[in-house]
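Peer 1: For reference, the structure I am asking about is given below.
The values are calculated or read from the model by the stated rules, or taken from the named source; none is laboratory data. From a predicted model like this one, the values you see are computed outputs, not experimental measurements. Glycine also receives a Cβ, built like all others from the backbone with ideal geometry; neighbour counts cover every protein chain displayed.
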Amino acid sequence: MSSPESRSDLLIRVRERLAAESADPTPQVMADAVRAESGGVLGDTDLLEALRFLQTELVGAGRLEHLLADPDVADILVVGPDQVWVDRGRGLVPSAVRFDDDAAVRRLAVRLALGAGKRLDDAAPWVDGQLSNVGRRGYSVRLHAVIPPISVDGTCLSLRVLRPATQHLGALVERGAVPPEIAELVEAIVAARLAFLVVGGTGAGKTTLLSAMLGRVDPAERILVVEDAAELAPAHPHVVRLVARTANVEGAGAVAVRDLVRQALRMRPDRIVVGEVRGPEVVDLLTALNTGHEGCAGTLHANSGAEVPARMEALAALGGMDRTALHSQLAAAVHVVVVVARDADGHRGVAEIGMVDRGTDGWVHIEPVWRRDSGFGPAADRLHTVMAQRRTGIAR
């Protein structure tokens, strides 16, 4: 029973039996199936070995399950049977997990794809989906997989853990993610109902900071959150969350973020938040920000404040908005950009705060308010003036 061939043969027979019985693969059901398919000749040791093997092949994320259970793991990346990498917030490091062969990785990828309502086979050699409540732990996992011959080095499996961002702003200050010298400024930006974007690279902590800032919104306000995957969970009593949906196996049923932004406009929002602006929905976000909904927010992939205008130009082009219109809308809609990044030691936190400004040439640029390496800049006084005007009811 210990050889890969015998385990594989047993797995096939047990799978066929469970499929025929339409039974959930509980330990008892699997044990009964193993005994039946092995002719009842397995001893206790061999039976336990068979159950452990089958559980990794038939239940949850298999050999990756314990990595998903690690609260520090953000990403799990698999390339073939011998390369399993994890990111615990300090960059990718190799793990000790190994698969028997690439066929085992492919079986796992196919099973996870089915769990996401997708197909993964020679006719559809890649999949992008989401797994909800993995292991009944209440969080989601974003799934992506590519199989050979498209992926030359073996089956590639990418799992991103989407744990709800529920930390309070005070906790981020205590951790140093929000330096104490700007804690009051960050809170004042929210209180003054300034529209803001939280920007940064992948895994820099954009969602965590945005969720913490939304937790400081007046409890009497209604927040409509639109996301591609459910991550934002601010500590606020009146949050309505809308989550996009990809197409099913038949290619139908897709609901885009852009569609949900339009629906949010009709749901009497005080603030509209787009969890991640990554496509043509940027046009609808800017429209929402320019229709009287103050204090709106979103996140954006950009490595610095200076990159924001060019990044939004590219996204707006996908929605049919030209450069001139984008800069006009951006200048009128967004006040502040908060940049998060990792420092030299890998710690995540606020690296920069900038103020949106439109030059005499008509193009938007970001004026520095504060930077982690140099402190407060020339736009700090202007930002405080705008916030003071807001507090006294003078519109921008």
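Condition check ((1) assigned to a loop (DSSP other than H, G, I, E, B); (2) within 17 Å of Ala297 (Cα to Cα)) across all residues:
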{"site": "Ala344", "(1), (2)": "yes, no"}
{"site": "Ile353", "(1), (2)": "no, yes"}
{"site": "Val356", "(1), (2)": "no, yes"}
{"site": "Asp373", "(1), (2)": "yes, no"}
{"site": "Val386", "(1), (2)": "no, no"}
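Here's the yes/no breakdown for (1) touching a helix residue (DSSP H, G or I) at 6+ places or on another chain (Cβ under 8 Å); (2) within 30 Å of Leu120 (Cα to Cα); (3) in the same structural domain as Asp121 (by TED's automatic domain parsing):
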residue	(1), (2), (3)
Glu231	yes, yes, no
Gly253	no, yes, no
Ala256	yes, yes, no
Gln263	no, no, no
Met267	no, no, no
Leu289	yes, no, no
Cys296	yes, no, no
Met312	yes, no, no
Met321	yes, no, no
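Peer 1: Does at least one position in the range 257-279 carry a residue that is over 17 Å from the mean Cα position of the chain (by Cα), surrounded by fewer than 19 Cβ atoms within 10 Å (Cβ to Cβ), over 28 Å from Ala113 (Cα atoms) and hydrophobic (A, V, I, L, M, F, W, C)?
Peer 2: Yes: the range 257-279 contains one or more residues that are over 17 Å from the mean Cα position of the chain (by Cα), surrounded by fewer than 19 Cβ atoms within 10 Å (Cβ to Cβ), over 28 Å from Ala113 (Cα atoms) and hydrophobic (A, V, I, L, M, F, W, C).
Peer 1: Identify, please: which residue in the range 233-251 is in contact with a helix residue (DSSP H, G or I) (Cβ under 9 Å, 6 or more places away or on another chain) and of a type outside the set (A, V, I, L, M) and is, among those, surrounded by the most Cβ atoms within 10 Å (Cβ to Cβ)?
Peer 2: Ranking the qualifying residues of the range 233-251, first place goes to Pro234.
Peer 1: With a cut-off of at least 2 residues that are under 18 Å from the mean Cα position of the chain (by Cα), name the strands (runs of 3 or more DSSP E) lying wholly within the range 90-202. Please lay out each step first, then the result.
Peer 2: Details: elements: 92-94, 126-131, 140-146, 156-162, 196-200.
Where strands (runs of 3 or more DSSP E) fall fully within the range 90-202 and carry at least 2 residues being under 18 Å from the mean Cα position of the chain (by Cα), they are 126-131, 140-146, 156-162, 196-200.
Peer 1: Report, by residue number, each residue of the range 260-308 that is assigned to a loop (DSSP other than H, G, I, E, B) and of a type in the set (Asp, Glu). Show your work before the answer.
Peer 2: Kept after step one, since they are assigned to a loop (DSSP other than H, G, I, E, B), are these residues of the range 260-308: 265-270, 278-280, 290-296, 302-304.
Residues satisfying the conditions are Asp270, Glu294.
Peer 1: Kindly evaluate Glu367 against the criterion of being in a helix (DSSP H, G or I), closer than 21 Å to Ala379 by Cα and acidic (Asp, Glu).
Peer 2: Here the answer is no, as Glu367 does not meet what is asked.
Peer 1: Find the residue count for the range 218-247, including only residues that are closer than 20 Å to Lys206 by Cα and in a loop (DSSP other than H, G, I, E, B).
Peer 2: Keep residues of the range 218-247 that are closer than 20 Å to Lys206 by Cα, which gives 223-236, 239-244.
Still in the running and in a loop (DSSP other than H, G, I, E, B): 228-231, 233-236, 244.
Selection size over the range 218-247: 9.
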